[in-house]
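**Q** Pasting a structure below so you can have a look.
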Amino acid sequence: MKQPKYVIEIYVIVFFIMSIVFLSLGTLGYFNLLKPTAHSIIQESATIGAVFLGIGIFFGVITMILKIMVSRKKMREQEMMQRGRVIAATVENVVKMKNILYGKNPGKKSPYRVYYSYMHNEMEFYQKSNLFWEKPPYKIGDEIAIWVDEDGYSLLKT
């Protein structure tokens, strides 16, 4: 499985799985294969199926919106690699994101993120990189090369 480059790609995976689960439950309920419990507010199987189908469609729409955001981000980065200029930046910190675990057991890994600062148009910017799945070779205070566009948006190639 390809490791995600952006945090938003992890959200895409989560919302996709949730949409599949709710669409499946909705289909089972709609065809009277999923029975509500006696304590359920909704007592009809078709009604609970329609509710679950609606929730599944909602999560599917969120998944599509997030996928569009990821594709726009990738296009912007490709454009920056072609038209942007390379400048120097200073590494402020390298952080292991322990709240994100990705992969199958026992190979679950946490990604790293590089925080860096740079000067552009006489303004100082602080940015963070995309996800690194191996520990990056940078230390605090290192000079690194980044791409910058005219708006000050930057990219550190992972």
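Just so you know, all these numbers are worked out from the coordinates, no wet-lab data involved. A quick note: this is a predicted structure, and the numbers were derived from the prediction, not measured. In this analysis, Cβ positions are derived from the backbone assuming ideal geometry, glycine residues included, and neighbour counts consider all displayed protein chains.
**Q** If you project the alpha carbons of the chain onto the principal axes, what extent comes out on each, in Å, largest first?
**A** Reported extents, whole Å, longest axis first: 65, 36, 26.
**Q** Past the 23 Å Cα-Cα mark, which pairs from 35/67; 2/108; 5/128; 5/98?
**A** 35/67
**Q** Now for a different question. Sort 81-88, 146-153 for me by packing, meaning the mean count of neighbouring Cβ atoms within 10 Å per residue, highest on top.
**A** 146-153, 81-88
**Q** If you don't mind, another one. Can you list residues whose amide H is under 5 Å from residue 133's amide H, if they're 5+ apart or on another chain and H is modeled 1.01 Å from N?
**A** 112
**Q** Same structure again: What do you get for the angle between helix 45-83 and the principal long axis of the chain? Use alpha-carbon atoms, 0 to 90 degrees, nearest ten.
**A** 10
**Q** While we're looking at this one, here's another question. On a 0 to 90 degree scale, rounded to 10, what angle separates helix 7-30 from the longest Cα axis of the chain?
**A** With rounding to tens, the tilt is 10 degrees.
**Q** By counting other Cβ atoms within 10 Å of each Cβ, how are 63, 47 ranked from fewest to most?
**A** By the 10 Å Cβ count, ascending, the order reads 47, 63.
**Q** How large are Rg and Dmax for segment 7-76 when only the alpha carbon atoms are used, in Å?
**A** Rg and Dmax of segment 7-76, Cα atoms, are 15.2, 53 Å.
**Q** In whole Å, what are the extents of segment 84-155 along the principal axes defined by its C-alpha atoms, from largest to smallest?
**A** For segment 84-155, the Cα extents along the three principal axes come out at 47, 22, 17 Å.
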